[in-house]
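The structure under discussion appears below in the form of structure tokens.
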Amino acid sequence: MTEVGGVAVDHLRSFIERIERLEEEKANLMNDIKEVYAEAKGTGFDVKTLRHVVRLRKLDASVREEQDFLMDTYKRALNM
């Protein structure tokens with residue numbers, strides 16, 4: 001294994017190439033997600049609301065319940 005300045009060149013190159021491949025896959029996935037949102041919008045769904053639902057589904061149930069409770073509390077306090 002070749003070293004330059006104490007760095008294992010082949011090992012470094014391997015990491016960089018893996019990261020580059022993953023970044024490319026991530027870009028492709030982001031484009032796919034964008035297309036799904038566009039498709040949903042085309043069928044009448046509100047994209048902003050869809051994004052919010054996706055965010056909520058990622059949360060742990062107890063965290064989501066706490067946020068809902070606080071939101072309801074604040075809305076009642078503001079007579080909403």
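Here's a check for you: in segment 16-34, which residue that is of a type outside the set (A, V, I, L, M) and under 15 Å from the mean Cα position of the chain (by Cα) is nearest to Arg64 (Cα to Cα)? My answer is Lys34. Of the numbered criteria (1) more than 30 Å from Thr2 (Cβ to Cβ); (2) surrounded by 10 or more Cβ atoms within 10 Å (Cβ to Cβ); (3) not basic (Lys, Arg), the one Ala61 fails is (2).
The conditions of being among the hydrophobic types (A, V, I, L, M, F, W, C), exposed (fewer than 10 other Cβ atoms within 10 Å of the Cβ) and over 30 Å from Arg55 (Cβ atoms) are met by Val4. Would you pick out the residues in segment 32-48 that are surrounded by 10 or more Cβ atoms within 10 Å (Cβ to Cβ) and either at positive phi or among the polar types (S, T, N, Q) (or both)? Within segment 32-48, none qualify.
Throughout, read-outs are computed from the coordinates displayed, never taken from laboratory work. Since we're looking at a predicted model, the values are computed, not measured. Methodologically, a virtual Cβ is constructed for each residue, glycine included, from the backbone with ideal geometry; neighbour enumeration extends over all protein chains shown.
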